[in-house]
Each structure stands twice: as structure tokens, then as C-alpha cells.
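Before any comments, here is the structure.
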Amino acid sequence: IQSRYAAQRSPQGAFLGAIANVRDVTEQKIEAEMQNTFISVISHELRTPVSIIKGYAETLARQDAAWDAATLREGLAVIIEEADRLAQQINTLLEASRLQTDSMRLELSDWSVRPLVERVVERFAPQAGDRFTFQIDIPDDFPPVHADYERTRTVVENLISNAIKYSPNGGLIRITARVSGDFAIISVSDQGIGIPLEEQKKLFRRFYRVDNRLRRETQGAGLGLFLSRVIVEAQGGRIWVDSRPGRGSRFSFTVPLATPMLSDQMASGEIE
Ligand code: ADP
């Protein structure tokens, strides 16, 4: 609370009273703090890929080095990958800052879950190497959903990227989909460090990162899950986590089905 106190006096200087100007500045302070965090996060996040790109480009451009074609191609592949990462991070940050003012605009259509998941898993394969096994448990005839394809892909990407990031020993990453009422529940589970119960609700807040060893060793702005929650909720769904420290985590979110399946599924006994 900020207060300004002004004594009121008569022209002769006699004390008449006082006007206290009390204003709640807590809101403003939080805004300013968030902006500061935002700026430091942006500079930290964006500087890393930029310095990798610069380092590789400088090395490849060296006058005295005669790189063979394979080395050149490898170096250029890293540059392209980092540039992609940079572009993606800029999008995430822009999106997260825009959310303060605008509500999210969605492009809804009907699409199948499995191909989307397969596409995301393929994209992560180089990063996952042979430390991780991916298992996709989604039936081919899984009913289509009605949602924003690109945005939902961002959510799945965030969850799989986190599963990799927070599983220092590798392991199994399993992606499943099942029907519950008018929704598909998509889950990503890992065998990573897990999350203490008291932290689980906070993960979906803007800029929140759990204070553990990996917080210092991994890069992150604490925006991925916040953004995922905004996307999922804009589509009328919800997102949550089940986790046990030391055992692993399972993040789940719901997406509306294209056509409510309730009667069909109940008839064939597929629903729980
Ligand atoms: P970031 O990964 O950039 O920190 P996120 O919003 O994606 O931001 O995640 C917020 C925090 O939630 C992470 O910093 C991490 O502490 C925790 N977290 C997210 N996913 C997992 C996971 N699969 N296993 C353990 N902790 C996780």
C-alpha cells in the first residue's frame, strides 16, 4: 500500500486537516516484477541458442580451416536446429506475454490424435537418443477430436519435452489416449524425478519452476505448462498431473471429441 499524506492549511497557516492518498500498488508491483522476470527470462533463454549458432557459424567460417563436406553439413544442421529452437522459443514467449491482454484465438477442426503424437515423437527422436523408449498406446480407430491442431501439438510437445528434461536417467515415455465422456484424455508419462505433492498445483502457474537440482541444470522459463494450461482450458478441457517423487510423472489433459461418443462406446463396453 502506498500512501501520500498532505497537510491542509489555511492561508494563514493554520492546520485544517489532512488528505491521505492511499493507493493499492500491490498489483502494480506484481506487474513490474513479472515484467522484470520476463525480461531476464527472455534474455537468458534466447541468448543460449544465439551463442550456439554464433559459435558454430564462426568455426565453420574460419579462413584457415578446410572442413570436409560431412563436417560442414553437421555444423549447418546444428545451426538450423538451434535457429528452429530460437523461433519456437520466441513464439512461446510472445504467446505468453500476449495472454496478459488478449484471450486466445483458436482454429478448431476435426483431426486424429495418433498421427499428431507420432509426429511429435519423431521430432524428439534425435534429442531422446537411445536413452529413452517411446511407447504410443493409441488405437488406430481412436475417435477424432475437435480442437486447435497446432496449439494441441504445442501442448504435447511441451509435455514430451519436459518428460525428457526431467528424466535424467532416461527410461520409458508412454503416450496414451482414452475416451472419457465427450472428451479424449491424452497422457504423457515418464520415469523421471517426479514432483512432490505440494508443488503439483503450482506447476501450471506462469514462471513457476520446482526448486530442485535440475532447476539449475536444465534450461527453462517456467512457461511451458502455463501456456499448456491456457491452451487446454481455452479448448474447454483441463490439465493435471499425477506424480510421485523418484518414481515419475504422468501429465494428462482433455480434448473435446469431434462427435460425442458416449452411446457407441458404452454399447461396445469401451468406456470406463
Ligand atoms: P520449464 O520446464 O521451462 O521450467 P514448465 O512450465 O514446462 O517450465 O514446467 C514447470 C516446472 O514443472 C519445471 O521447472 C519442473 O520443475 C516441473 N516439471 C514439469 N514437467 C515435469 C516432469 N515431467 N517431471 C518432473 N518435473 C516436471
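If you go through region 202-254 and pick out every residue that is within 8 Å of the ligand (Cβ to nearest atom), among the aliphatic types (A, V, I, L, M) and under 24 Å from Gly181 (Cα atoms), you end up with 1.
The residue that is surrounded by the most Cβ atoms within 10 Å (Cβ to Cβ), among those in region 65-82 that are at pLDDT 85 or above and of a type in the set (Asp, Glu), is Glu74. Look at region 148-160: where a residue is over 16 Å from Leu223 (Cβ atoms) and a partner is acidic (Asp, Glu), sitting 6+ places away or on another chain with Cβ atoms under 6 Å, you get Asp148/Glu107. Being touching a residue at least 60 places away in the same chain (Cβ under 8 Å), over 19 Å from Ile160 (Cβ atoms) and of a type outside the set (A, V, I, L, M) narrows it down to one residue among Arg250, Arg244, Arg206; which is it? So the residue among Arg250, Arg244, Arg206 that is touching a residue at least 60 places away in the same chain (Cβ under 8 Å), over 19 Å from Ile160 (Cβ atoms) and of a type outside the set (A, V, I, L, M) is Arg206. Taking region 177-199 as the range and being touching a residue at least 12 places away in the same chain (Cβ under 8 Å), outside any strand (DSSP E or B) and near the ligand (Cβ under 9 Å from one of its atoms) as the test, the residues that pass are Asp190, Gly192, Ile193, Gly194, Ile195. Answer yes if at least one residue in region 246-258 is open to solvent by less than 20 Å² (accessible area, probe 1.4 Å), closer than 23 Å to Leu106 by Cα and more than 18 Å from the chain's Cα centre (by Cα), and no otherwise. Yes. Taken together, Arg85, Arg9, Arg98 contain a single residue that is touching a helix residue (DSSP H, G or I) at 6+ places or on another chain (Cβ under 8 Å), at pLDDT below 85 and surrounded by 11 or more Cβ atoms within 10 Å (Cβ to Cβ), which is Arg85. The residue of region 156-176 that is nearest to the ligand (Cβ to nearest atom), among those that are open to solvent by 10 Å² or more (accessible area, probe 1.4 Å) and not in a helix (DSSP H, G or I), is Tyr166.
If the condition is being among the β-branched types (Val, Ile, Thr) and modelled with pLDDT under 55, then region 241-272 contributes only Ile271.
Which of the residues spanning region 133-154 are in contact with a Phe, Trp or Tyr (Cβ under 7 Å, 6 or more places away or on another chain) and of a type in the set (Phe, Trp, Tyr)? Tyr149, the sole residue that qualifies.
The values are calculated or read from the model by the stated rules, or taken from the named source; none is laboratory data. Predicted model only: the values in this text are computed from it and were never measured. All Cβ positions, even for glycine, are placed from backbone atoms using ideal geometry, and neighbour counts span all protein chains on display. When the accessible area is computed, the model is the full protein with side chains, heavy atoms only, and any ligands, DNA or RNA have been set aside. Shrake-Rupley method; radii C 1.70, N 1.55, O 1.52, S 1.80 Å.
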